[in-house]
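Structure record follows, encoded as structure tokens.
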Amino acid sequence: MVKLSSMKYPVISTEQAWVLARWAAVAILVLVVAALVPPGSLPYPSGSDYSDAAISHWPNTHFLRESVWKYGEWPLWNPLHMLGQPFAANPLSKVWYPPQWLSLPLSPTYHLNVMLYLHMAWLALGMFAWLRAERVRLLTAFLFTVAWGLNPKLIGHLGAGHLDIVYGLAWVPWLLWAVRRVVDTPSMEWGGVAGCVAALLVLADVRIAFYMLPVAAIYAIANSIAKRRSLLCGWKTYSLAMILLLLLTAVQTIPLLAVSPYLTRAALTAQEAAVFSLPPQYLLGMLFPDLGGFHEWMTYLGLPVIGLAVVELFRKRGGWRAWLWWGMAILALLWALGSNGPLFLPVVKLLPLTSWFRVPSRAWFVVVISLVIAGMYGLEGLLKHGLGRRGRLIALAMAFAGIAWTSAALVMPGLQGVITGTGAALFGIGSGLWLAGGGLADLVASLDAPSHMRGRVIGSVLLLVTLILSLLGVDVTLVSARSMADIERPEQEIIAHIDGSCGSVYSPTFDLIGPATARAGLATLHSVDPFQLQTSAWHIAAAAGVELDGYSVIAPPLPPGETDLQEIELDVDLLRTLGVCWIVAEPEIRAEELQSHVQLHDATIIYRLPDEPPAVPQGVYLDVKPSMGVNTIKSKICTETDLSRIVIPQAWMPGWRAWVDGLPVSTAAWSGLLATEGDFPSGCHTVEFAYRPLADVAGMGVTGLTVLGLVVWVVFRRRKQVYHA
């Protein structure tokens, strides 16, 4: 018989172990997301026909790619939605987020796939970098990398197609890592790194940055206090980080601030901003996951995370750090409750700018990261100091309760599913805490076994396995991948009967809003987009026969309780004025001027508007079929009368320039539409409009010079170091 003491075990260095674990975590996260969203597909919520990945991200990616390769221009204006809208100024377009430029060599679908996989890998690498800087154990780093990367709130938003939220969350651990480096070794170099990382987070998703930048600031303060170091000691470093953050994001923030007074979001009320406030009953989802649930109300973050955070809270040596992060979690929870809680509405009324960050339930990401940090300290303290006799008894009781719970659920009809899974997770947590807390330390230590097989390590592994299984059990219910063929098929049949050169399309049933429409280059009056110009939203609502009452991400807005506008009588004259020549609806709509052009087998009807030009005042020429390009619009007109205005169905904004027959003329809004000013004699004229906003140029200049300065500074520092070496 071979004795354990005589057996040889492969020995690897600590550094090698960290490298292997790091790439194992990367592989797990990427493979899970690739299984949920295979290459060539887009994510959808389970049981839903709509996804932001198809409605927003795919068309934006396609438009950026087409603008550069087909037109040779960087897109500042998109003429294809809602009478046109600023494109680069819209944070959701991701024009200024450097990884988005991968769309230039890749097709839109595979670009979005690659972006997802790369950001999940980046998330895992960032978690390991941050937790290594925290000097935690390898198993702790692995467990909480999984906890952050596979938390159902993140995966739920991925399923909803909120890919930019996933991008932003991938930068959060890197931000914490940079902040930790700044606290440990305050220097201009680390201040620069922190500023660059914070800027990339803002460009990835400004909504996540709104929540996570304060978390990073509190994290910096907490670590400085722990080191008994005054924040004033590193004021130069922090100042540099904040200045770089402002300068590097100027390319996005300056244009956004310039257009913000013209957006419907400027009139957002506190109650409208509180949309999708977290209902209090969904807090039960922390214990009983809502399988296939609504992503905005997803609260499950893994029972092992909660258990370890509770351990840190009640551990005698836990200190103030546990109370700090639990306090952060509770504060974020109160914010997430929105109109159902005491915090959101008073703050928004006091600070109206915060209303721009609507959907308060997204503050739940702060709950997740706060409890991840508290749980991290909890596991480290557990492995170092044990659980104590009373704690081990409680953990053992939890394990037996989990066994009883699971057994009862299996034998009693109707209690399977979530109830069974919660019981199994309770057993895993209880037994894992008992082992990690030293429950079998003496027994395992009495055996001549290698160190990595001791009880506390086994307990940590059991907690890790429990966490992975419980998270995956929820995650797989939140995402439904669809191939591009399935996504585009419903629209392709409609597009085959539409002449794109005629003008734009309006659908009261919100057809033609996906990739096939973007690929065909069709302009649509309707859209689903939170970035709407006020005048455009008003015109679209009036043409659809509805009233614009309050903020809406849908254009035209839907009346309460309605899913489409097919029963509403259209203003056909106004539709013609806005350049619409096709209407797609299901079933038949009410409008005497319309005649059915073609009826498809699924009851969808395509209508052709009359060719008669819309009525306009004397001296005004309205061209409803101009030639649309990127940032430029051209029109060739011939008239027998003198003109005072030439109008096209695009929204007016500051930044439009115009030329008639090569000579510059001023532009102005004609009933909110883009128009020239001046006297034009009868005859034929060539009119050209170009969108050249000063704010975009200023933003590009500020950020471009900052990037150039950073490059020069880095090169100079490197040469200086080489010279001294």
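Filtering segment 157-173 to residues that are touching a strand residue (DSSP E or B) at 6+ places or on another chain (Cβ under 7 Å) and assigned to a loop (DSSP other than H, G, I, E, B) leaves only Gly161. When Asp499, Asp511 are screened for being touching a strand residue (DSSP E or B) at 6+ places or on another chain (Cβ under 6 Å), more than 30 Å from Ile429 (Cβ to Cβ) and acidic (Asp, Glu), only Asp511 passes. Quick check, is Tyr282 touching a strand residue (DSSP E or B) at 6+ places or on another chain (Cβ under 8 Å) and within 30 Å of Asp549 (Cβ to Cβ)? When the stated conditions are applied, Tyr282 does not pass them.
All of (1) at pLDDT 90 or above; (2) closer than 18 Å to Leu287 by Cα hold for Leu433 with one exception: (1). Do we find a residue being closer than 27 Å to Gly421 by Cβ, modelled with pLDDT under 90 and among the aromatic types (Phe, Trp, Tyr) anywhere in segment 287-294? For segment 287-294, residues closer than 27 Å to Gly421 by Cβ, modelled with pLDDT under 90 and among the aromatic types (Phe, Trp, Tyr): present.
Among the residues of segment 260-294, those that are surrounded by 21 or more Cβ atoms within 10 Å (Cβ to Cβ) and within 28 Å of Gln85 (Cα to Cα) comprise Leu263, Thr264, Ala273, Ala274. Among the residues of segment 377-391, those identified as surrounded by fewer than 18 Cβ atoms within 10 Å (Cβ to Cβ) and under 12 Å from Gly438 (Cβ atoms) are Lys384, His385, Gly386, Gly388, Arg389.
Per-residue answers, yes or no, for (1) part of a loop (DSSP other than H, G, I, E, B); (2) not hydrophobic (A, V, I, L, M, F, W, C):
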position	(1), (2)
Val33	no, no
His57	no, yes
Leu83	yes, no
Thr109	no, yes
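When segment 579-614 is filtered for residues that are in contact with a strand residue (DSSP E or B) (Cβ under 9 Å, 6 or more places away or on another chain), modelled with pLDDT under 85 and either within 30 Å of Ala690 (Cβ to Cβ) or among the small types (Gly, Ala, Ser) (or both), the ones remaining, listed by number, are Ala585, Ala591, Ser596, Leu609, Asp611, Pro613, Pro614.
Restricted to segment 38-65, and to residues there that are closer than 17 Å to Leu116 by Cβ and among the polar types (S, T, N, Q), the residue that is surrounded by the fewest Cβ atoms within 10 Å (Cβ to Cβ) is Ser41.
There is at least one residue in segment 681-697 that is of a type in the set (Val, Ile, Thr), surrounded by 13 or more Cβ atoms within 10 Å (Cβ to Cβ) and closer than 28 Å to Thr253 by Cα.
In segment 602-636, what residues are among the polar types (S, T, N, Q), under 36 Å from the mean Cα position of the chain (by Cα) and either part of a loop (DSSP other than H, G, I, E, B) or buried (at least 19 other Cβ atoms within 10 Å of the Cβ) (or both)? Show your work before the answer.
As a first pass, look at segment 602-636 and keep what is among the polar types (S, T, N, Q): 604, 618, 627, 631-632, 635.
Cutting the leftovers down to under 36 Å from the mean Cα position of the chain (by Cα) gives us 604, 627, 631-632.
Thr604, Asn631, listed by residue number.
When segment 223-259 is filtered for residues that are among the small types (Gly, Ala, Ser), at pLDDT 85 or above and surrounded by fewer than 18 Cβ atoms within 10 Å (Cβ to Cβ), only Ser239 remains.
Going by what's in this entry, would Gly709 be described as among the small types (Gly, Ala, Ser), part of a helix (DSSP H, G or I), touching a helix residue (DSSP H, G or I) at 6+ places or on another chain (Cβ under 8 Å) and not assigned by TED's automatic domain parsing to the domain that holds Ala543?
no
Scanning segment 672-692 for residues that are polar (S, T, N, Q) and part of a helix (DSSP H, G or I) turns up nothing. If you check Met298 against the conditions, is it touching an Asp or Glu at 6+ places or on another chain (Cβ under 7 Å), within 30 Å of Leu36 (Cβ to Cβ) and surrounded by 19 or more Cβ atoms within 10 Å (Cβ to Cβ)? Against the criterion (touching an Asp or Glu at 6+ places or on another chain (Cβ under 7 Å), within 30 Å of Leu36 (Cβ to Cβ) and surrounded by 19 or more Cβ atoms within 10 Å (Cβ to Cβ)), Met298 qualifies. Within segment 664-680, if we keep just the residues that are at pLDDT below 90 and on the phi < 0 side of the Ramachandran plot, the residue that is surrounded by the fewest Cβ atoms within 10 Å (Cβ to Cβ) turns out to be Asp679. Close Cβ contacts (under 6 Å, 6 or more residues apart or on different chains) running from residues in segment 326-338 that are in the same structural domain as Pro280 (by TED's automatic domain parsing) to residues that are surrounded by 17 or more Cβ atoms within 10 Å (Cβ to Cβ) and β-branched (Val, Ile, Thr) comprise Ala329/Val367; Ala332/Val366; Ala332/Val367; Leu333/Val367.
Every condition in (1) in contact with a helix residue (DSSP H, G or I) (Cβ under 7 Å, 6 or more places away or on another chain); (2) assigned to a loop (DSSP other than H, G, I, E, B); (3) small (Gly, Ala, Ser) is met by Ala53 except one, and the failing one is (2). Taking the conditions (1) in contact (Cβ under 8 Å) with a residue 40 or more places away in the chain; (2) farther than 23 Å from Val114 by Cα; (3) not in a helix (DSSP H, G or I) in turn, Arg181 satisfies each one other than (3). When you scan segment 637-660, how many residues do you find that are surrounded by fewer than 15 Cβ atoms within 10 Å (Cβ to Cβ) and at pLDDT 90 or above? The number of residues fulfilling the criteria is 1.
Conditions (1) touching a residue at least 24 places away in the same chain (Cβ under 8 Å); (2) more than 19 Å from Leu92 (Cβ to Cβ); (3) surrounded by fewer than 19 Cβ atoms within 10 Å (Cβ to Cβ); (4) among the acidic types (Asp, Glu), marked per residue:
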| residue | (1), (2), (3), (4) |
| --- | --- |
| Tyr506 | yes, yes, no, no |
| Ala518 | yes, no, no, no |
| His526 | yes, no, no, no |
| Leu533 | yes, no, no, no |
| Glu547 | no, yes, yes, yes |
| Pro560 | no, yes, yes, no |
| Leu565 | yes, yes, no, no |
| Thr577 | yes, yes, no, no |
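Whenever a residue of segment 1-29 is part of a loop (DSSP other than H, G, I, E, B), its partners that are surrounded by 11 or more Cβ atoms within 10 Å (Cβ to Cβ) and modelled with pLDDT of 85 or more, lying with C-beta atoms within less than 8 angstrom and at least six residues away or across chains, give the pairs Ile12/Leu20.
The values are calculated or read from the model by the stated rules, or taken from the named source; none is laboratory data. Quick caveat: nothing in here was measured; it's all calculated off a predicted structure. As a convention, Cβ positions derive from the backbone with ideal geometry for all residues, glycine included, and neighbour counts pool all protein chains shown.
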